[in-house]
Amino acid sequence: MDNSNKTYPRTGDSQTIYLKNVITNPNIQAGDFTMYNDFVNDPRDFQQNNVLYHYPINHDKLIIGKFCSIACGAKFIFNSANHTMSSLSTYPFPLFFEEWGLEKSRVTESWDNKGDIIIGNDVWIGYEAVILAGVKIGDGAIIGTRAVVTKDVPPYTIVGGVPAKPIRKRFNEETIRRLLELKWWDWPEQKISQKIKAIQSGQIDELMEG
Ligand SMILES: CC(C)(COP(=O)(O)OP(=O)(O)OC[C@H]1O[C@@H](n2cnc3c(N)ncnc32)[C@H](O)[C@@H]1OP(=O)(O)O)[C@@H](O)C(=O)NCCC(=O)NCCS
């Protein structure tokens, strides 16, 4: 059984998609069941509307795990947005190579590279949150509405604000440790299906039984 190989998981709802099935860019990956909802634009245009300054020449990667929930208007801002700061000017001269007689092959010198964006599993990204280049978000984290995430977010941590700061952990350390060991999102779909009630219960002991 693989129910994640469809675009629209909800009958009659064309605003909610399983992201992995609309991605064509080899530098973007989304795991099984990760969903995106968009009530402003066509959610299938996620690559164009939500993954910004992500120029192929820079080869940056956006890797999103399984079972993430990505809310409308969440954005991923990549390296080509970062006008270089080691230069005495932030003006992107290398981008206008024809104008200034520079080498086309050095166009990437226009910007500073902070790295890929890596999102774990079961991450919930709130409405219009912005995730910046180089950020890694741990499994089970929550990104609050309109947060601007500039730094890595540890697993099962709720962050919010500009810049995003930890609000609290979702569970105690022991529960987080056990969840990270269990990695339920990697279980076969059938097992997850059997365990949904235990997941919903909020009781880690129930999830570990059987
Ligand atoms: C972060 C969130 C999950 C709430 O988490 P919570 O732990 O229950 O937070 P609380 O409401 O108890 O608030 C705790 C603190 O965080 C602050 N806070 C809550 N949401 C925040 C946000 N988005 N940005 C900044 N601060 C936020 C609260 O003001 C409060 O601050 P205080 O301690 O100084 O009083 C929720 O506010 C949120 O942003 N949800 C996303 C909703 C969304 O975008 N959904 C899209 C559709 S899927």
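Can you list, largest first and rounded to whole Å, the semi-axes you get for the range 1-115 by taking the square root of 5 times each eigenvalue of its Cα gyration tensor? Walk me through the numbers before you get to the answer.
Details: eigenvalues 247, 34, 27 Å².
Ellipsoid semi-axes (Å, largest first): 35, 13, 12.
Determine the gain in length on full extension of the stretch Asp2-Phe171; use 0.36 nm per residue of separation and subtract their C-alpha separation, reporting nm with one decimal.
Extra length from Asp2 to Phe171 when fully extended: 57.8 nm.
Between Ile199 and Gln48, what is the spin-label point distance in nm, taking each point 7 Å from the Cα along the Cα→C-beta axis?
Between Ile199 and Gln48, the simple spin-label model gives 3.2 nm.
Please report the relative contact order for the range 121-210, taking Cα pairs under 8 Å with a sequence separation of at least 6, and give it as a percent rounded to a whole number.
18 percent
If each Cα of the chain is one equal point scatterer, what is log10 of I(q)/I(0) from the Debye formula at q = 0.16 Å⁻¹?
After summing over all Cα pairs, the log10 values are -1.09.
With unit charges on the beta carbon (Lys/Arg positive, Asp/Glu negative), name the residue among Ile118, Ser80, His54 whose Cα is farthest towards the positive pole of the charge dipole of the range 16-170.
Farthest towards the positive end: Ile118.
Please tell me the relative contact order of the chain in percent, rounded to the nearest whole number, where contacts are Cα pairs under 8 Å and at least six residues apart.
13 percent
Given points 7 Å out from each Cα along the Cα-Cβ axis, report the Arg146 to Ala81 separation in nanometres with one decimal.
Simple spin-label model gives 1.7 nm for this pair.
On a 0 to 90 degree scale, rounded to 10, what angle separates helix 173-182 from the longest Cα axis of the chain?
90 degrees
With a Förster radius of 22 Å, plug the Cβ-Cβ distance of Arg10 and Glu189 into 1/(1 + (r/R0)^6) and report the FRET value to the nearest 0.05.
Working: r = 17 Å, r/R0 = 0.78.
Plugging the Cβ-Cβ distance into 1/(1 + (r/R0)^6) gives 0.80.
Using +1 on the beta carbon of Lys and Arg, -1 on that of Asp and Glu, and nothing else charged, what's the dipole of the range 16-170 about the Cα centre, debye to 20?
640 debye
Suppose accessible area is computed on protein heavy atoms with a 1.4 Å probe; arrange His54, His59, His83 from highest to lowest.
The most accessible residue leads, giving His59, His83, His54.
List the GluC sites (Glu not before Pro) within the range 59-116 that fall in a DSSP loop (any state other than H, G, I, E or B) and whose Cβ has at most 11 other Cβ atoms within 10 Å.
Glu103
In whole angstrom, how far apart do the alpha carbon centroids of the range 121-139 and the range 148-210 sit?
Answer, in whole Å: 14.
The values are calculated or read from the model by the stated rules, or taken from the named source; none is laboratory data. Not measured: the values here are computed from a predicted model. All Cβ positions, glycine included, derive from the backbone under ideal geometry; neighbour counts span all protein chains shown. When the accessible area is computed, the model is the full protein with side chains, heavy atoms only, and any ligands, DNA or RNA have been set aside. Shrake-Rupley method; radii C 1.70, N 1.55, O 1.52, S 1.80 Å.
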